[in-house]
Structures are given as structure tokens and as C-alpha cells.
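**Q** First, the structure itself, so that you have it in front of you.
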Amino acid sequence: MFGMVKKNNCITWLSGPVLLIVFFSLACENQKKPTGEDIPESISYNLHIRPILSENCFACHGPDANKREAGLRLDREQDAFAALKEAPDRRAISPGKPHQSEVYARIMTADETERMPPPSSNLSLSNHQVQLIKSWIRQGAEYEPHWAFVPPEKATLPEVEAADWVQNEIDHFALSAMEGKGLQPNKRAEKQSLVRRIYFDLTGLPPSQEVLNRIEKEEIPLNALIDTLFATPAYGEKMAVSWMDVARYADSHGYQDDYYRTQWPWRDWVIHAFNQNMPYDQFITWQLAGDLLPDPTKEQILATGFNRNHKITEESGAIDEEYRVMYAVDRTNTLGKAMLGITLECAQCHDHKYDPISQEEYFQVFAFFNSVAEKGIEEASPGFSKKSPAKLPLMEITEGETRDILQFINMPDSARRVQTLLANMSKGTNYNSLLAEANVLKVSVMGDLDSGRTTFILDRGAYDAPTEPVEEGAPTAILDFPDHLPKNRLGLAQWLFDPNHPLTARVYVNRVWQEIFGIGLVDTPGDFGMQGSLPINQALLDWLAVDFMENGWDIQYLLKKILMSASYQQSAAVTPEKIEIDPDNRYLSRFPRQRLKAEEIRDLVLASSGLLNREIGGPSVKPYQPEGLWEAATSGRGNLAAYQQDTGKYLYRRGLYTFIKRTVPPPQMILFDASNRDACEVERVKTSTPLQALAMMNDPFVLEASRVLAEKLLAEKSSLPESIHSAFYRIVGRPPDDKEIAVLTATHTDFIEVYNKDQDRAAQVLAVGEYPANDSLPVAVKAALMQVISLIYNLEETNTKS
Amino acid sequence: MEKELLKHGLHVNRRHFLSSMSIGLGSVALGSLLIPDLFRSTKDGVVDEAALGVPHFAPKAKRVIYLFQNGAPSQLESFDFKPKLREMWGEELPESIRQGQRLTGMTASQSSFPLVGSIYDFQQYGEARAWVSELFPHTAKIVDDICIVKSMHTESINHDPALTFFQTGAQQGNRPSMGSWLSYGLGSENQNLPAFTVLLSKGKGNGQGVYSKLWSNGFLPATHQGVQFSNGEDPVLFLNNPDGMRKEERRKMLDQLALLNEHSFQKVGDPEIQTRVAQYEMAYRMQTAVPEATDLSKEPDRIFDMYGEDSRKPGTFAANCLLARKLSESGVRFVQLYHQGWDQHGNLPSEMASQARDVDQASAALVKDLKQRGLLEETLVIWGGEFGRTNYSQGKLTRDNYGRDHHPRCFSIWMAGGGIKPGMVYGATDELGYNITTNPVHVHDFQATVLHQLGLDHEKLIYRHLGRKFRLTDVSGKVIRDILT
């Protein structure tokens, strides 16, 4: 449509004052808000123009060859500058001459049949956007390659004014950007809050009472503290939490009847790998292609469980090929989102509308994952076990191996294995076949068919519409797939870690940044493409990405670099002025306060009350959960039809180990924005709902922790102020001030008055949780202190990393 | 909203309040459990101000009650009467009809596909002379209030993806449910109740389970998640104070909590702290509002009689219908019911009868009850499953027993109220009930129509996520104008 030029086009009559008037009226029509934005002196394609074109033009005039209108392509210079197919005397863009550029004519015209984008698209350009395009064309319409497809380089460290604030390279970049915005950084955070912050970032746990006491007395160098925390097993657990989201890890197969799956040994491996500080390139290579390494070890094969974590159907009527294709699609999309930061999935059904990725290239990547020796639905094939906790290809793990080459696997005893596998299932065919499997631990892993499998482009992405055959390959716009690499998953991994790969390091560095600061330098961590956000500080992102690669993809090195920066160590205090200039704190002139993650809230409550079971790994556990949730949703079939709550020590495991049944994920986790593990997720949207407040006030596990901590403090025979002080300190990570003591004491007074009069109610309040009660203490005193502690757990500061 | 917050003496989270003002708060819908934080911008999940501006046109309906018949009830024993199937009983499904269409993994290997007609009789009712089977005597009496669509079709052939497709517009999950879209688009009419609630029940027939992804907010903020109401002591998770704790004690505790949080705000200055205080106040209000909205004890006997004896038993479909009316009356935008047990691969005659007994009276009563309260006009009621069932028998066919496999190519649903033409039968299938002959309605058309009745243009209700715009109807769907008043 764009090329349909009419003779009497607007440019001939839009000139001088008329132009201004039309412009103004156009602006009124299109503008929902005044922009107040100036047109910069020098216009950058990447910064200013591409986002406009991508949003408004590329869907019809971009990479998708099938949907391209009038044969016009605006995402590439050579096409945009060429003679128009439908009007060879004109060009879409004439560099330097907006008034001779059809693009400009079409976005300016008042004629609705001519206007671009067409009104039917529900898209429109603002006055400011039109002006930018005009000025850009006037300045020569210089195209730039998409920033994220150009390999990162280390820029020279920028000069800064407040040089004495700077602690390392990060601060040069951060401070320079801040100063450019008229912002000044905060001072260093108080020792206690800084230590608490570091604890959460490296272990996901609050500092213990002993640590808090120590830092009060002596100066602990942060450098050394960081090293100490790297060496604790909790570090691997903390790092595993977000990797579980990326890897869509769960404890059930995910469809319909949703049976139990034993994929947890793979999760134990992830914790182990982080604790070994396995370099990122190796970490990913093993997960993508451990089975293809020369003489792979069992550990390397176990790592490939990553790509078997997706949902697998067990629905009787399922069509085998439909689901088999779906699994390969899931792996392809996961590679895109998790490692490339590209929305590959948009090219499954057609060429990508925004990024230069063709449908053919999509299926070239898909081909890497298409030869797995798997079934779409196993039970439809003769001879397959029904409802197996692992699906072919799989590996078996013996108890001997967990004492030897796979020591990091926390193998439960056989009674526990049977219990987790069969739960409260009733006897029958499925029961018997599962019982037969209880002796061996099975994990789904990757393994290709000897014969391979030819991959076809699937028309509209549909499993039953194969067209042309394709071979393994990668999108050339990102980086050519070199001839010398094997055309298998190992080659794919090598391609990812090619030193010239523009995305791999940036994407991971960005996510680590996001873990710590809440928002990535690119705030669309799964989309570094045309439609993604531009980095807020590209020089910093690129410097970190290159530095990460130069230092052997060392994750702890990267973390330490960030944690040792002044940017990280500054206080979180907020001023109205800073909110005015930078409401979302993208320039980091303060440490961003962030609500703790679902898992961290649980861990904080358990750790500070002394209930936390520090066991690492093993089958996931079922802590308290409101009654009837699984039962209401189930068909009644399967080993997860009813929730069989664990008891004893299993009730107090870290949030990472909470059992995830995909069709009914744990409510405490979901309420606090955890992923339901349906698919790869690279960020958690943070929301604030009253349901969260209800959970913190009334969830039995918080109430039990409050009771247990109250009993513990009372047993120490400390005075009331001492008890309040100690509880607050453990939970909030700093001593309470006078005002806080006063309010909490008043709370205590209120409740002790109530409970002294009504011991029965005190007993009722105390009757929560399975942890044995200390009956030697007076109930009223216990219950009143419990209420005070419960209040402390509900403080905003308690559940905030600041 | 400003008033709402000021009423509670709270400082609005100024930064976000102002930033949301700048995109025209008046026109942008408020989330069900609104906290100003919802409008946090700059993310890829930002409210698209150009697109929202809702409602897009005058709504006919304000609320939806969706009676989802989970498992896929047979259209051939409910609303799509096919005498020809009785004539051809036991004969092979002609290839001229099937035309190589795919079958599920359950019957693909069946050597024969014997046609089977309904064992149950049909009669015509109402001015539209609509056929209804004897299994649905109460529904038969309200045919002049409902519109039966006999030409629904869908894309998936199995429960999980088909159900997910109906509820979220995509087979794979991870997309917002229809109720979440409405919550996002229209917000709640009641600040103290969620805009989107879910009620579950089970029949005795072969069931297929439900999955929380069906009421998931997908990539929309979690404020738009469907909130499951259970029939237990806590209608909403963690709603009740612990045993032994009284309301006035909770109030006092919250006052002290607010004091401490305010104290922290004075030191740190982060407006998020005040958002948290508001969050706790809303939770406190919910503790009163939810029990009120779910209390059926004050309903008169004649109402229970209308919905049937089951309506006195919490957790039944009938009780859920009554509860749905109450929630809807209280301003809950979207009440989603699921009733399990409609998957009749075998023993269809007995199972279907039992399922119909569970739902027939209460479904009809809900329509009548809304009508007598003058609420039917503004409430859209929907009844139906995720696909239809085959015209041939799955498994052994005998004179009095048979089963039917999944059939996505045609099935029947009904809708009532909310600007849908009453007393209408729309669409038709061939004489063997295998293919649609007139007015096919795709699931996306159905979704577009539901949104339309609520004043939302399905092409404009979009949300930006991962670099592209998403909508409930993906890239297709057209409003079925023929069935609108």
C-alpha cells in the first residue's frame, strides 16, 4: 500500500504556513498528551528512529516477506533508499530531503486513504515522532545496525565529577549517567543494611543473629564477606531460584491429570554447579549439549535435563506428533528467551515481524532440538509404562552413584521415594506400574536418535503442515553459524560462546544485574530485539559483558564486581527530588528498594525464627497449604490428585524446594509473583495485592514461626524489651529504635491484657503449626509476644531488600 | 480512585498516581484489587494508553457469569437434535462426511465408526421452536430467554489445550484468561472484591480436572488473576484471622503496623511503603466484604427451591450458581464456574443424565433469578463446554449404551442476557451432526462477542508484552452481530 503513489500527493501542496497549520491539527488529533520533548540536535537511528519505525511500520514494511506491502521494506537502508516498486520515480526515503521522501509524505498527509500508518491499524504517530523522522531524513537518514546485534566493546571509562565516590569501573559509567541527569548518588549504606542486602543477594537468606552481633562489634571487610558467602551452600540455592524460572522447572508433567515427575536431581545439579562456580559457558554448554560432549560423564548428561523440564502431556487422546513438535518448539523458544534474549517464537508461524529472523531460520534453530529420541505421548505407544515420573530419553541414578560420582544428589531413602512417588494414590494399574519404578531414580535428559530426524519448515507453525526441509543453522543477523562447527546442539553451544557473539554475554549480565537491582540495564530482559527497550546505559552493559567474557564467564567474579561498586553499596534513601527526576530509579542514584521474592519471604520467616531446615536438595516438599486446592481441581486420577502434606523437618525447607504442581502451583508462591513454570520466564513482574497482606497476616507458617520464635525468646528468660529487641533485630536485620520499641511494647500490652483475661483465646492463637510447643511457658505471655512478632513479620521493611 | 484512597486517610503513592494521571486515569480501567502501583510504567507491560481508552463503545453488559461445562457435554444429547443419526444407527460414518478429519489418539485406531443417535428424546420449545433434549427440562422452559448457538467450532481436539484455548485464546497457556482481560479492561465495580472470581464443582461423570492457568493473569499484572473462592471456611485464601483473634484486635494491630510503616517512611521516603499500608487496609476491608458477598444464609427458601435442593449444599454446582448471582450482584465483573464430569467416552447415557441433573435446574434458575431482579439485561450468562462430541460411538455400541469421543468441528453453547438476542437458535450442522452448514462461530468470534457486549473492542484491548501486542483473540475473531439485540 505504501507504494501506491497518487499524483496529487500532499507534498505538492503542503508548504510554508499551510504545512504548519496542518501539522498542528494533526498533532492535536494524534496527541494524547503534550510531549514537551525537544528534537535532539543529532538524531540517532537506533535511539530515536528505529523504535518508531519498528512499532508503526515494520509489521507491513519489515522483515516478514509474506506480509510485506507494496514490496517495500523500511528496516534496511538499501531497500528504503531504492526506487519504489510501484512508482520507480520516487523513493521511500531520499536522504537529506524529507520533502522528496514518500515516507514523510505519507505520515504527513491528511488524506486518510493515503496516511501511514493506516487508520485501520489503530496506530498513529505523534507530532514529536513525525518531527524526529523528518529531521533524521534531513540529516541524511543514516541507518545503524541494531545495537544488540553488534558485538559489545569496552569503552574508555567516562570522566566523572564526584570521583571520590567511585569504587570501581561500574561507578564511572553509572555516575557519569547520573551526573548527565543532574543526579547525585547516595552515601554508602549503613553497615547493617548493606550486610543484609549482600546476604539476600548472595544467599537469599537474612544474616543470622551471630553475624549481626559480630558486625556490630567489628569491621568485616565486604570483600571477605562476599567470599565467605560464595563458599556457603546457600549461595548455590539462591542462584538456582531464578534459574528454575528460566528452566521452567516443576515437579509435575503439567497437563491435565498432571502426574508427579522426578526431575529434582537436575535441580540438585544446578545448585551444585553454582556452588562450584562453574563458568557460565560451561554451565550452558552442559545443559544444552552435555550428552554430545566427548565421553560425557553422567553429570554432564544429567545437566541436559534442562531441556526436558518443559510440560509433557499424558492426556490419552493427545496426538503424538503434535506434542513432540510442541516440545521442540518449547526448547527453541527457551533458547531464544533465556540465552539470546530474542523473541524467536515470533518466527514460528511466519517471518519475524520486527527482527531480521526468517521462519526458515526459526526452523533451523528448531532443528537442533528436533532429533530427540522422545515421544509426544509415551503411553500411546505400545510397551511404554504409564505415567512414568520421567520420560524417554532418561537416565537412571543408583544409590551407589549418589555416594560416588553424583554426590551432590540428595537421595532420599527408599521409603521416602515410594512415598513421594505414590503419595495417596489408590491401587490399580498406574499404582502398580509406578510402584515398580520406585526402586530406581529416573530423570529425563537429552539424547538424540541415531538416525536423526529431518526438519521441515512447518507452514504457519502447524505440526501437520511440513513444507521445505531445512538443516541446523542460526539466524545470520545475530551471527553466522560457522561451517566448522558440528550441526548439533554442541555446535549450537559453541556458536553461543563465540567471542563475537553479540548477545550471550549481554543477556546474562543483564539478568544478573536485574537480580540485584530489580530492573535490568535493558528492562526487557527477554527481548533485545527491535521491539525491546534500549539499554539505559549501554556503555556499562557492554563493559560488563566484555569484562565477563574476558574473565572466563566467571559468575562470582561478575557478582563481586557489581557488589563491590559504590553504586551497589549506596543507601536506599529516597528523596522527592530524586523521584521527580528519575521516578523509576533507572539511573541508580539510590539503591532500589525491592520487595523480597516469594522464596525469600519464606526463607526469611523460617530462618529468623530458627525453624529453617538447612538440608540441601532432594525431592521437593509439601509444606502447609490451604486445604482442598488440589482436590477441587483434580480429575481424581494420579499421584497428585490429593495434597499429602509433609510433616516434621520437611515442613521447614527453603522456598526453592516447595513442590510445584503445575496445574495448581503453590498459592503462597503464586501470590507473591512466582512463576507457574508453564514456560521459560526471565523476570517476575512485581505486584502488590491485598491477598499478599492476607497471606502475611494469616498463613499458618508465618504464625507458627511467630509462636516458635516467641517461645525461644521466652525460654532464654530475657526481659520483654530484650525479647522485642531481639525479635526485631533477627527479622529486620537492625536494632529497633525507641519509637519502634514503644509501639511494639504497646502492642504487647494490648494483647497481654486480652490474654490474661481470656487464656482460652491465647491457647487458640498458639495452636498453630506442627512444631512442638514449649508447654512450660505461660500461655498469655507466649501468645502476646507471638502477636508482636507476627506484626514484625508484616512490616514493609521486613520483606524489603533495601 | 483518589477519593477512595483519601477516604482512608492515606497518602496516595504520589509518584505513581501522578504518572498514571498523565495517561488519563479517568479513562483507563482500574484493576480489580487496585493499588496505585499497578500503573508502574516504563516496563514492557505498560498500560497502552492509546489503545485502552475504554469502554470503546457503550456496553450492553456489565458483568459475566460463565457456567463452564468442563469435559465437553455432548451437543447430540442436549441441543443439536439429529433424527438421521437414529435412522442410521450402527452404520459407518461416511467418508464423504468425515473427509479425512483427524481423530484423537483414543479412537484413531478404532476399526469402525458406527453412527449413534441420542438415546434421549427431544422436543421443541418456545417461540423459536428450539429443540431441547429431555435431559434438560428446566433449560427447555427458558429457551425464550436464551440464544442457543449450535455452530461453535474450535481448534483443539483434546481437553487441556481446548479448555485453555477457550479461556485464554491460546492453546498453550501462559496467556491471560478472559476474566483477566475483563478485569484489566474494565476493573471492578466493587473496590473490596476481586473483579474475577472462580468457583469449582464436580459431577459424578468422567472428569478431566481444571488447571489454575485457566484463570491465570498470564502476562497481565497479578491483580487481574482470577481469585478462587472455595466453599471451605476461608472463601478466599488466608482471608480469616487465626482462631482466637478478633476483628477489633486485627484493627488495632493494623493501626500499629501503619504507625511503624509510616515511621519507616519518614526515614526512607519510599512511597512504596505507603502503597503497602494501603494494601493492608484493602485486605482488612476484604475480610468484611467477602463474607458478606458469599453469605447465602439470608436467601429465602423460595430461592433455594428455584435453584434446587443441591443449592443448600456448599460446593455443588447449584450452590455455586446461587453464589455466582450474589457475587455478580455485588459487582464482581466476571464469575467463572467450572463443573467437571462431562467427558463421556463411555457410558454416555447414564453419565450424561447424572451430569444434566446436576446443572439443569440451577442454570435455568440463575437466568430466571437474574431476570426477576432486573439484572439479566446487564449480565451475560454463558453455558457450554470446550468442544463437542463425535456422532459415532467410541468403544462398543449397544442398544442402550455408547460413548462419544472429542469433536471440535461443531458443538452447542447457550448465552443469555447482556444484549444477546433471547429466544434464538443460531447456526446449524449437517444432518449427521458432523460439520457446520450455516453460520460457523469460532472460539475467537465468541470471545470477540463477549468483549463487545462489555463495551470492549477485541482488536483494541491489547497488552504489550515481549515486544508485541497481545489480545484475547490473537489475530482473528469477529463479533457475531446476528445474535445481538
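Every number here is computed from the coordinates shown, using simple stated rules; none is lab data. Since the model is a prediction, treat every value here as computed from it, not as a measurement. Here Cβ is always computed from backbone atoms with ideal geometry, including for glycine, and neighbour counts include all displayed protein chains.
**Q** What whole-number volume per residue, in cubic angstrom, does the convex hull of the C-alpha atoms of chain B give?
**A** Value for chain B: 149 Å³ per residue.
**Q** Oh, and also: Give me the net charge for the shell around A:Y431: Cβ to Cβ below 13 angstrom, other residues only, Lys and Arg +1, Asp and Glu -1.
**A** Around A:Y431, the charge tally is +3.
**Q** Taking the Cα centre of chain A as the origin and placing charges on Cβ (Lys, Arg +1; Asp, Glu -1), which of A:N488, A:G62, A:V685 is farthest toward the positive end of the dipole?
**A** A:V685
**Q** Taking the Cα atoms of the range B:338-485 alone, what are Rg (to one decimal) and Dmax (as a whole number) in Å?
**A** Considering the range B:338-485 through its Cα atoms, Rg and Dmax are 18.0, 57 Å.
**Q** Could I ask something else about it? Using a 10 Å cut-off on Cβ to Cβ distances, tally the other chain neighbours for every residue of B:279-285 and report the average as a whole number.
**A** Going residue by residue through B:279-285 and averaging, the value is 6.
**Q** Each residue of the range A:470-485 in order: what ³J(HN,Hα) in whole Hz does its phi give by Karplus 6.51 cos²θ - 1.76 cosθ + 1.60, θ = phi - 60°, with x for Gly and Pro?
**A** 9, 9, 4, x, 10, x, 5, 5, 7, 6, 4, 8, x, 4, 6, 7
**Q** Could I ask something else about it? Quickly estimate the mean residue ellipticity at 222 nm for chain A, helices only: each DSSP H run with n ≥ 4 gives -39500 (n - 2.57), and the total goes over all residues, rounded to 500.
**A** My calculation for chain A gives -12500 deg cm²/dmol from helical runs alone.
**Q** Also, I was wondering about something else. Multiply the residue separation of B:S354 and B:E134 by 0.36 nm, subtract the distance between their alpha-carbon atoms, and state the gained length in nm to one decimal.
**A** 77.9 nm
**Q** Follow-up. Once R0 is set to 25 Å, what does the formula 1/(1 + (r/R0)^6) return for the Cβ-Cβ distance between A:E216 and A:E615, expressed as a FRET efficiency to the nearest 0.05?
**A** Given R0 = 25 Å and the Cβ-Cβ separation, E is 0.25.
**Q** Within 10 Å of each Cβ in B:228-240, how many Cβ atoms from other chains are there, averaged over the peptide?
**A** Across the residues of B:228-240, the mean count of other-chain Cβ atoms within 10 Å is 5.
**Q** Which value in Å does the Kirkwood hydrodynamic radius of the range A:698-801 take, with 1/r averaged over all unlike C-alpha pairs and then inverted?
**A** Averaging 1/r across every pair of different Cα atoms and inverting gives 13.6 Å.
**Q** Where does each of A:41-47, B:408-414 land if you order them by average Cβ count within 10 Å, highest first?
**A** B:408-414, A:41-47
**Q** Please compute the alpha carbon radius of gyration of the range A:235-496, then divide it by the globular-protein estimate 2.2 N^0.38 Å. Two decimals is fine.
**A** 1.02
**Q** In addition: Using modelled amide H (1.01 Å from N, peptide plane; none on Pro or chain starts), what sits under 5 Å from the amide H of A:F456, excluding residues fewer than 5 places away?
**A** When sequence neighbours closer than 5 places are left aside, the close amide H contacts are A:V470.
**Q** Based on Cβ point charges of +1 for Lys and Arg and -1 for Asp and Glu, what charge dipole magnitude is obtained for the range A:191-231 about its Cα centre, in debye rounded to the nearest 20?
**A** That gives a dipole near 120 debye.
**Q** Computed FRET efficiency, Cβ-Cβ of A:E399 and B:R246, R0 45 Å: what is it to the nearest 0.05?
**A** Computed FRET efficiency for A:E399 and B:R246 comes out at 0.25.
**Q** Measuring from label point to label point, each 7 Å out along Cα→Cβ, what is the A:D38 to B:D482 span in nm?
**A** Each label point is offset 7 Å from its Cα along the Cβ direction, giving 6.1 nm.
**Q** Relative contact order (percent) for the range A:382-460, with alpha-carbon contacts under 8 angstrom and 6 or more residues of separation?
**A** Taking the mean separation of contacting Cα pairs over the length of the range A:382-460, I get 47 percent.
**Q** Here is a further query. For the range A:418-428, just list the computed ³J(HN,Hα) in residue order, Karplus coefficients 6.51, -1.76 and 1.60, θ = phi - 60°, integers in Hz, with x standing in for Gly and Pro.
**A** Going residue by residue, I get 5, 5, 5, 7, 9, 6, 10, 5, 7, 5, x Hz, with x marking Gly and Pro.
**Q** Send over the per residue convex hull volume for the range A:256-380, Cα only, as a whole number of Å³.
**A** 132
**Q** Sticking with this one: My understanding is that a pair violates if its Cα-Cα distance is over 30 Å; which of A:K298/A:K661; A:K298/A:K487; A:K375/B:K469; A:K578/B:K62; B:K82/B:K141 do that in this structure?
**A** Pairs exceeding the cut-off: A:K375/B:K469; A:K578/B:K62.
**Q** At A:D737 and B:T437, where each label point lies 7 Å from the Cα along Cα→Cβ, what is the point-to-point distance in nanometres?
**A** In this crude spin-label approximation the distance works out to 8.1 nm.
**Q** What do you get when you divide the Cα radius of gyration of the range A:106-251 by 2.2 N^0.38 Å, with N the number of residues?
**A** Normalised Rg, Cα atoms only: 1.74.
**Q** What list do you get for A:M564, A:M696 if you sort them by fewest beta carbons within 10 Å?
**A** Least to most surrounded, the residues fall as A:M564, A:M696.
**Q** At 222 nm, what helix-only mean residue ellipticity would chain B give, in deg cm²/dmol to the nearest 500, using -39500 (n - 2.57) for each DSSP H run of four or more?
**A** Mean residue ellipticity at 222 nm (helix-derived): -9500 deg cm²/dmol.
**Q** Can you tally the net charge around B:F166? Count Lys and Arg as +1, Asp and Glu as -1, for every other residue whose Cβ sits under 14 Å from the Cβ of B:F166.
**A** Local charge sum for B:F166: -3.
**Q** I need A:W513, A:W136, A:W630 ordered by Cβ neighbour count within 10 Å, fewest first.
**A** Result, fewest neighbours first: A:W630, A:W513, A:W136.
**Q** Rounding to the nearest 20 debye, state how big the charge dipole of chain A is about its Cα centre with +1 on each Lys and Arg Cβ and -1 on each Asp and Glu Cβ.
**A** With only Lys, Arg, Asp and Glu charged at Cβ, the dipole is about 1020 debye.
**Q** Find which of A:V664, A:G610, A:N756 sits farthest along the positive direction of the dipole of chain A, computed with +1 on the beta-carbon of Lys and Arg, -1 on that of Asp and Glu, about the Cα centre.
**A** So the residue furthest toward the plus end is A:N756.
**Q** Can you work out the FRET efficiency for the pair B:D295 and A:S121, with r the C-beta to C-beta distance and R0 = 35 Å, to the nearest 0.05?
**A** The pair B:D295/A:S121 has a calculated efficiency of 0.10.
**Q** Further question: Find the relative contact order for chain A and round it to a whole percent, using C-alpha pairs within less than 8 Å whose residues are 6+ positions apart.
**A** 15
**Q** Out of all DSSP beta bridges with both ends in the protein assembly as shown, state the antiparallel percent to the nearest 5.
**A** 55
**Q** Also, quick follow-up: State the dimensionless ratio Rg/Rh of the protein assembly as shown (Rg: radius of gyration of Cα atoms; Rh: Kirkwood radius).
**A** So for the protein assembly as shown, dividing Rg by the Kirkwood Rh gives 0.96.
**Q** For peptide A:789-795, how many partner chain Cβ atoms fall within 10 Å of a residue's Cβ, on average?
**A** The per-residue average across the peptide is 4.
**Q** Further, regarding this structure: Just to confirm a number: summing +1 for Lys and Arg and -1 for Asp and Glu over residues other than B:S112 whose beta-carbon lies under 14 angstrom from that of B:S112, what do you get?
**A** -2
**Q** Here's another thing I want to ask about it. Across the range A:571-586, in residue order, what do the Karplus-derived ³J(HN,Hα) couplings come to in whole Hz, using 6.51 cos²θ - 1.76 cosθ + 1.60 with θ = phi - 60° and x for Gly and Pro?
**A** 6, 9, 4, 10, 10, x, 4, 5, 5, 4, 6, 9, x, 9, 6, 5
**Q** Relative to 2.2 N^0.38 Å, what does the C-alpha radius of gyration of the range A:405-495 come to as a ratio? Two decimals please.
**A** 1.76
**Q** Kindly identify the range A:191-231 as rounded, prolate or oblate by the Cα gyration tensor criterion: order the square roots of the eigenvalues as a ≥ b ≥ c, call it rounded if a/c is under 1.5, otherwise compare a/b with b/c, prolate if a/b is larger, else oblate.
**A** oblate
**Q** Once fully extended, how much extra length lies between A:D483 and A:E161, figured as 0.36 nm per residue of separation less the alpha-carbon to alpha-carbon distance?
**A** 111.0 nm
**Q** Do you know the relative contact order of the range A:326-436, to the nearest whole percent, from alpha carbon pairs under 8 angstrom that are 6+ apart?
**A** Worked out over the range A:326-436, it gives 16 percent.
**Q** From the residues A:F366, A:S451, A:L434, which one has its Cα farthest along the dipole of the range A:235-496 in the positive direction, the dipole being from +1 and -1 charges on Cβ of Lys/Arg and Asp/Glu about the Cα centre?
**A** Farthest towards the positive end: A:L434.
**Q** Separate question: Determine one quarter of the surface area of the Cα convex hull of the range A:171-282, which equals its mean projected area, and express it in nm² to one decimal.
**A** Orientation-averaged projected area of the Cα hull: 11.3 nm².
**Q** Please give the charge dipole size of the range B:256-312, origin at the Cα centre, charges +1 on K and R Cβ atoms and -1 on D and E Cβ atoms. Round to the nearest 20 debye.
**A** With only Lys, Arg, Asp and Glu charged at Cβ, the dipole is about 300 debye.
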